[in-house]
Amino acid sequence: MEILKIIGIGIITCVVVIIIKQIKPEFALVALIAGSVIMLVYIFDYFVNILDVFANIVNKTGINSELFAIILKIIGVGYLIEFSANICSDSGNPAIADKIILGGKLLILILAMPIVTNLLDIIVELIQ
């Protein structure tokens, strides 16, 4: 099972970080980031497969591809923000993590504006 490999990489990373913290604490964050990147690289193929499925859905349904691209950007920003904030929190910097989350929320709001305006245009057309 693929999930067991991902869990294994995560547990090994945690153990390595704990050991490195006892020997050379300044390298613990580097080990944490390296393990996280290894997991991301490993699961990157799954992201590509998911994008292919979504592209097929867009082609079959005729949904505006620009709006769909915005939705995918919002999802990507959400994942990147969570990943970055968790690394900051794990390294003992929760204040920076909070600022990353705030910035991400604002970026998501900005990215969502075309969707909101499109919905408003549809509502106005239905009313008229």
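The values are calculated or read from the model by the stated rules, or taken from the named source; none is laboratory data. Everything numeric in this text was worked out from a predicted model, so none of it was measured. Note that we place each Cβ from the backbone using ideal geometry, even for glycine, and neighbour counts take in every protein chain shown.
See the values below:
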| item | result |
| --- | --- |
| Breaking point among (1) modelled with pLDDT of 95 or more; (2) in contact with a helix residue (DSSP H, G or I) (Cβ under 6 Å, 6 or more places away or on another chain); (3) of a type outside the set (Val, Ile, Thr), for residue 102 | (2) |
| Residue among 110, 70 that is in contact with a Pro (Cβ under 9 Å, 6 or more places away or on another chain) and not assigned by TED's automatic domain parsing to the domain that holds residue 34 | 70 |
| Single residue of 80, 72, 67 found to be within 16 Å of residue 40 (Cβ to Cβ) and among the aliphatic types (A, V, I, L, M) | 80 |
| Residues of region 16-54 classified as surrounded by 12 or more Cβ atoms within 10 Å (Cβ to Cβ) and over 19 Å from the mean Cα position of the chain (by Cα), total | 10 |
| Criterion violated by residue 95 - all others in (1) loosely packed, with under 14 Cβ neighbours inside 10 Å; (2) over 28 Å from residue 27 (Cα atoms); (3) aliphatic (A, V, I, L, M); (4) not assigned by TED's automatic domain parsing to the domain that holds residue 39 satisfied | (2) |
| Failed condition for residue 87, given (1) of a type in the set (Val, Ile, Thr); (2) surrounded by 14 or more Cβ atoms within 10 Å (Cβ to Cβ); (3) within 21 Å of residue 112 (Cβ to Cβ) | (3) |
| Residue within region 19-41 that is closer than 27 Å to residue 110 by Cα, out of contact with any Ser or Thr (no Cβ under 6 Å at 6 or more places or on another chain) and part of a helix (DSSP H, G or I) present | yes |
| Answer residue from region 58-79, given it is among the charged types (D, E, K, R) and in contact with a helix residue (DSSP H, G or I) (Cβ under 9 Å, 6 or more places away or on another chain) and is surrounded by the fewest Cβ atoms within 10 Å (Cβ to Cβ) among those | 66 |
